[in-house]
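Report on the following structure.
The values are calculated or read from the model by the stated rules, or taken from the named source; none is laboratory data. None of the values given here were measured: they were computed from a predicted structure. With ideal geometry, Cβ positions are generated from the backbone for all residues, glycine too; neighbour counts draw on all protein chains shown.
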There are 4 protein chains.
Amino acid sequence: MPVVEFTPSREQYVWTFGGAEPVMEVAPGTVLRLWTEDAFAGRVTSPDDKPSQVLNPKELNPQTGPFYVTGAEPGDTLALHVVSLTPARDWAASTTIPLFGALTGTDRTAGLQTPLKELTWIYAVDRAASTAVFTAHESDFELTFPLAPMLGTVGVAPALREVRTTLVPDYFGGNMDTPELRAGTTVYLGVNVEGALFSIGDGHYRQGEGETCGTALEGAMDVTLIVDLIKGHAPAWPRFEHDDALLTVGSARPLEDAWRCSQVEMVRWLVELYALGELDAYQLCSQLCLSPLANVVDVNYSAVTKIPKVLLPEASPFSGMHTSLRSQGAMLA
Amino acid sequence: MPVVEFTPSREQYVWTFGGAEPVMEVAPGTVLRLWTEDAFAGRVTSPDDKPSQVLNPKELNPQTGPFYVTGAEPGDTLALHVVSLTPARDWAASTTIPLFGALTGTDRTAGLQTPLKELTWIYAVDRAASTAVFTAHESDFELTFPLAPMLGTVGVAPALREVRTTLVPDYFGGNMDTPELRAGTTVYLGVNVEGALFSIGDGHYRQGEGETCGTALEGAMDVTLIVDLIKGHAPAWPRFEHDDALLTVGSARPLEDAWRCSQVEMVRWLVELYALGELDAYQLCSQLCLSPLANVVDVNYSAVTKIPKVLLPEASPFSGMHTSLRSQGAMLA
Amino acid sequence: MPVVEFTPSREQYVWTFGGAEPVMEVAPGTVLRLWTEDAFAGRVTSPDDKPSQVLNPKELNPQTGPFYVTGAEPGDTLALHVVSLTPARDWAASTTIPLFGALTGTDRTAGLQTPLKELTWIYAVDRAASTAVFTAHESDFELTFPLAPMLGTVGVAPALREVRTTLVPDYFGGNMDTPELRAGTTVYLGVNVEGALFSIGDGHYRQGEGETCGTALEGAMDVTLIVDLIKGHAPAWPRFEHDDALLTVGSARPLEDAWRCSQVEMVRWLVELYALGELDAYQLCSQLCLSPLANVVDVNYSAVTKIPKVLLPEASPFSGMHTSLRSQGAMLA
Amino acid sequence: MPVVEFTPSREQYVWTFGGAEPVMEVAPGTVLRLWTEDAFAGRVTSPDDKPSQVLNPKELNPQTGPFYVTGAEPGDTLALHVVSLTPARDWAASTTIPLFGALTGTDRTAGLQTPLKELTWIYAVDRAASTAVFTAHESDFELTFPLAPMLGTVGVAPALREVRTTLVPDYFGGNMDTPELRAGTTVYLGVNVEGALFSIGDGHYRQGEGETCGTALEGAMDVTLIVDLIKGHAPAWPRFEHDDALLTVGSARPLEDAWRCSQVEMVRWLVELYALGELDAYQLCSQLCLSPLANVVDVNYSAVTKIPKVLLPEASPFSGMHTSLRSQGAMLA
């Protein structure tokens, strides 16, 4: 396996899906060892930082990439296998950003109330123990809990000539913000433009489902990926595969539509895998699926449909791509 | 512990929360051994049954109850501990009901498309093995998977003189349709009227999160509950407690509002349990919570916020009510 | 025409649709001269009144009624023609109620922000000139504008044994809060229970479309109605008729579903009136309709679809009921 | 006044807001005489045309433009006054596009029902009489009704480096699809990039509020505009001015959020015009506004808040820009 390392300089940070020149071309089968800055572009560093003062609204969620994948054409399926996610710092930051988050009015759920107070929590991270320490602002409460590293953002360039900010999750992946995107996950994304032009970013050392306050334990991340390509078979919405589960991710507003997208995608997948009738697949999904929310704060909300493999007959999604990448990844560890 | 057994006759089925005479008065501390008919009122029995022909729209989701709890007053908290849920039949039924379900237009998400085909799936249930067999309509696919018995519906009489059908989930509990309401769960509900007037029903032998097609593996259920009462402390939204988790349930439309209700309720609970500032609790919930959907098909949608106890400092919610009921329940088994 | 006058005493105020004993039986063809208290039950009277202090949450939106209509059976259509609406006071009140209204978080769009400040505006009303005077709180701005009297609430008892508070708009009418319900309007409501059990209330001397802050120029109202009955033909959602327009009202959340309900009802009405194919009616409605919002603050939101009669071929909806009632009403003036 | 005429060749059609080279630079004060192709890019011409066969999904809603406005900088306000809209053909087309429209499942409100039948209606247009003839598919019903020409789409390049398809309405204007954008309207849009880069398109000879089926009486249009520029004062959402009304347009999902955006923008405008306190403006807007829907079918839904000037004290929004442009426009007629 060819192995490529890449750490972007500050000038190489990318703020959009589509619209940016690729940093390099990679062949299917390539291993990428990447570093990615946190979603604040590294600007939140102290519990005294106020997001409205230190953040640059034009420079949020910097991406590492985009990468041009040799041979990728519209209609193909990009497979990205996350081999490992390793926190690159011994601290992480989370904040309340004015008029952003799920339990406040926003630019769209517009209102007249005073924004919530701006607070920043800096978590001390013990990478060896894989834990973080929460320190309360309004009392002397402290709590240590385990890390659960994940990537908030993995996406390809959109279709229809669009360029979207990296704050957006949609059919092209993007800022899905789901804890299900972790080491061991294979992400399948439909290719919309020549070369796919994928990028990654938004490392979370841990995040609850829904990302309620709008930010996770944001931190720079070391990421090892294997890139692969399946000709054709582009799914309409992102599909993920774990060793023990099949997952689909929908992104839309209102939240029920995000979930509906993920459900219809799962029904399609079951139809494909087991040659089921559509209503039989609908019935099966209704009884077997888990539905863990991803984010309820971004430009689109994201919802996941997940079926444990143990409940289903054996199958080889995308001709066994996940199994193959998983064993390649194991050799790298 | 006093033990009361009750199996309603067909004439005793109840179709509303509020508005029905109690079947009996029970003192806090009482064990109830109940039987409840399935949500179809037992009318769907064969794969050839068409819901539009066999169902009576005025007789759906029959409840066992309501029970008048001695001493319960508005503002109190009813605690219901589910000791056991045992399928009472060796089959279960699920269907597509015209213009009901998540992947179709409905009476509210109104449209002009032709309804989905009406199909009924009858699952063979092996109670000893605790499994069910799915049999496809459009192919010869069969699949056996485990049961996961739960109650779709547990509720008290609403406030403001209202009477609601048992199809509705809301702040008073009701048709929440979450797999989290299973044996071992303690449900805390705010009391709105003298005696609380709670009832239960809608046994599901298994259900996916979201209940996509609108119906689960519907089946009659033997239910053992312990009833208890906490003076005051009524939560705004239903709270659940498991041995290993705290949970809150919100019900509303659109789905994000259901989830927001559950999140704000969890924030309140964390504030109470740990004397946290509200924004500190918001931050903590944002990083620790799970958000498994309940239903996206009922009159209101329902969403769950869940925090594993292992992530939190020790606490005794409602003065240790769950622990106490759990040990009482263990003695019954 | 028999004429009945009725002014409820305070003890006769009714707080629900369904669940209340009728105050009297009226035969189709009866003229009712009614008085109805304002939505605050008369408790907001001064600019210094804070809703959270003076209002009783169990006593909002008092109804005058319910009236049992002789011969009305489920499936029939109640026709209520509003002959006149006359403000019964020379002042009106409007307020910001904490966590109620469209530009604030609410009990369902739940959040953690501080509620908006509670303010009460008392409007001086000149009944002869039919104007009201707005007086600002935070500056010396004053503005006089015309009254446009309307009823926020007209409804019948719901189906399925339900009892709903008078704060709810739904298929049974209720708290629709649309300025389209004014003198000259005929309201058609499907009958759900014997006698229909309709009531009216919530006089608004004027209201914007959407009722943004949650309250209009609330004031007691003298109401003259003619009651009539059409056997069968119950519409699924309320229909209104003006001299110059056909209207339908849908109520649901999110707002698009409220509007969809009103649109599908209008499509049905066009199909009935002109024997159109459903897709032809869909096309016609798409090009001809107006869509003025009603409320975006109540338990359900309400949206109106309206087609000017001048755009349509002549027709006699409900066999000319509106025309007939209109001329009867003219004789009363 | 400099007058510039421009009719794009087919190769000059533009499919995005942002991302396209300007066709020319125009100075503030310029009169533009433009032609714009219909939203189908002219591909639907016969009642036998099926959209899924004749349309190119990558070539919908062609724009005329973009125009680089001399001196326009981020934070400025572009003023576009529509002097006249003249149908450029004697027919117009409307269709049902599979899984697009308000009364059907869509790509986001995803489901499993069969799409609605694809039908195309070709309207005969009498430009002298300013009428169109509807011809039913499923009966011999015909109906002649007046034209009401409008532009579905007027927008500038977005912020944050984004490029959006011309199917999207948002804070930058775009595909708002409101009948309020007609001859006599001045549109105020915040400038996001140097030169503003505005374009126009999507002529509708008539459209109902909501654009229910997803398409209006689509037709090529001759458009006369005057372009002007206000330094600073960029509104957050599009503002319109008529001779007799102030209007704001919000675009989002769900529909209540679109409306909330328009309402908050109107509250801000009232605060600016009359030096009102924010809650006083909220109250005033609540009682005076009209809320005609725009579209409930596009990528975002759009809603309008509108206040008749006759209800408000005299004011000179944007220093009398509309009045000035109106009189310039009158001289052109």
| Of the residues that make up the stretch B:307-316, is at least one in contact with a strand residue (DSSP E or B) (Cβ under 6 Å, 6 or more places away or on another chain), at the interface with another protein chain (Cβ under 8 Å from one of its Cβ atoms) and closer than 21 Å to A:Ser139 by Cα? | yes
| request: Scan the stretch D:291-322 for residues that are surrounded by fewer than 18 Cβ atoms within 10 Å (Cβ to Cβ) and assigned to a strand (DSSP E or B) and report the count. | output: 1
| said: Can you find a residue that is touching a Cys at 6+ places or on another chain (Cβ under 9 Å), of a type in the set (Lys, Arg) and modelled with pLDDT of 95 or more anywhere in the stretch B:309-324? | reply: no
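Could you list, in sequence order, the residues of the stretch C:287-298 that are in contact with a Phe, Trp or Tyr (Cβ under 9 Å, 6 or more places away or on another chain) and facing another protein chain (nearest Cβ under 7 Å)? First the steps, then the outcome.
So in the stretch C:287-298, the residues in contact with a Phe, Trp or Tyr (Cβ under 9 Å, 6 or more places away or on another chain) come out as C:287-288, C:291, C:293-297.
The answer is C:Gln287, C:Leu288, C:Ser291, C:Leu293, C:Val296.
Take the residues of the stretch D:1-25 that are within 14 Å of chain A (Cβ to nearest Cβ) and crowded, with 16+ Cβ neighbours inside 10 Å: which is farthest from A:Gly18 (Cα to Cα)? Explain how you work it out, then say what you get.
First pass over the stretch D:1-25, keeping only residues within 14 Å of chain A (Cβ to nearest Cβ): D:13-21.
Subset that is crowded, with 16+ Cβ neighbours inside 10 Å: D:13-20.
On the way: D:Tyr13: 21, D:Val14: 18, D:Trp15: 16, D:Thr16: 13, D:Phe17: 14, D:Gly18: 13, D:Gly19: 11, D:Ala20: 14 Å.
Among them, the one singled out is D:Tyr13.
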| task | Give me a count of the residues in the stretch B:259-281 that are at the interface with another protein chain (Cβ under 7 Å from one of its Cβ atoms), among the charged types (D, E, K, R) and under 26 Å from the mean Cα position of the chain (by Cα). | result | 1
| message | So for the stretch C:76-97 (the condition being touching a Pro at 6+ places or on another chain (Cβ under 7 Å) and within 13 Å of another protein chain (Cβ to nearest Cβ)), does at least one residue qualify? | response | yes
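Considering D:Leu116, D:Leu181, D:Leu189, D:Leu160, which residue is within 30 Å of D:Pro22 (Cβ to Cβ) and without any contact (Cβ under 8 Å) to a residue 60 or more places away in the chain?
Working: D:Leu116 fails: within 30 Å of D:Pro22 (Cβ to Cβ); D:Leu181 fails: without any contact (Cβ under 8 Å) to a residue 60 or more places away in the chain; D:Leu189 fails: without any contact (Cβ under 8 Å) to a residue 60 or more places away in the chain.
On inspection, the qualifying residue turns out to be D:Leu160.
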| Boolean, A:Leu284 is closer than 17 Å to B:Gly101 by Cβ, of a type in the set (A, V, I, L, M) and within 8 Å of chain B (Cβ to nearest Cβ) | yes
| said: Regarding the stretch A:257-278, can at least one residue be identified that is more than 18 Å from D:Ala110 (Cα to Cα) and crowded, with 19+ Cβ neighbours inside 10 Å? | reply: yes
| said: Suppose we filter B:Ala245, B:Ala220 for residues that are of a type outside the set (D, E, K, R) and out of contact with any Asp or Glu (no Cβ under 6 Å at 6 or more places or on another chain); which single one remains? | reply: B:Ala245
| Total residues in the stretch D:50-96, condition touching a residue at least 40 places away in the same chain (Cβ under 8 Å) and within 30 Å of D:Ala129 (Cα to Cα) | 23
| said: Taking the criterion of being without any contact (Cβ under 8 Å) to a residue 40 or more places away in the chain, over 21 Å from D:Val168 (Cα atoms) and away from chain C (no Cβ under 12 Å), would at least one residue in the stretch D:237-250 satisfy it? | reply: no
| Looking at the stretch B:188-236, which of its residues are hydrophobic (A, V, I, L, M, F, W, C), closer than 30 Å to B:Thr104 by Cβ and more than 14 Å from chain A (Cβ to nearest Cβ)? | B:Ile200, B:Ala220, B:Met221
| task | Pick out, from the stretch D:221-277, the strands (runs of 3 or more DSSP E) lying fully within it that include 2 or more residues that are at pLDDT 95 or above, of a type in the set (D, E, K, R) and out of contact with any Gly (no Cβ under 9 Å at 6 or more places or on another chain). | result | D:239-242
| field | Per-region count, the stretch B:138-163, residues under 15 Å from the mean Cα position of the chain (by Cα) and more than 14 Å from chain A (Cβ to nearest Cβ) | value | 6
| note | Per the filter on the stretch A:177-206, residues farther than 23 Å from A:Ala27 by Cα and part of a strand (DSSP E or B) are A:Asp202, A:Gly203, A:His204
| query | Does C:Thr86 satisfy being within 27 Å of C:Ala196 (Cα to Cα), under 18 Å from the mean Cα position of the chain (by Cα) and polar (S, T, N, Q)? | reply | yes
| task | Could you please find all residues in the stretch B:178-213 being surrounded by 21 or more Cβ atoms within 10 Å (Cβ to Cβ) and out of contact with any strand residue (DSSP E or B) (no Cβ under 8 Å at 6 or more places or on another chain)? | result | B:Asn192, B:Thr212
| said: Checking B:Leu284 against (1) modelled with pLDDT of 95 or more; (2) assigned to a helix (DSSP H, G or I); (3) within 23 Å of the chain's Cα centre (by Cα); (4) of a type in the set (A, V, I, L, M), only one condition comes out false. Which one? | reply: (3)
| message | Name the single residue that is nearest to A:Glu138 (Cα to Cα) among those in the stretch B:280-290 being crowded, with 21+ Cβ neighbours inside 10 Å and of a type in the set (A, V, I, L, M). | response | B:Ala281
| note | Listed by first then second residue, the pairs whose first member lies in the stretch C:254-266 and is free of Cβ contacts under 8 Å to residues at least 24 places away in the same chain, whose partner is crowded, with 24+ Cβ neighbours inside 10 Å and hydroxyl-bearing (Ser, Thr, Tyr), with beta carbons under 8 Å and at least 6 positions apart or on separate chains, are C:Glu256/D:Tyr301
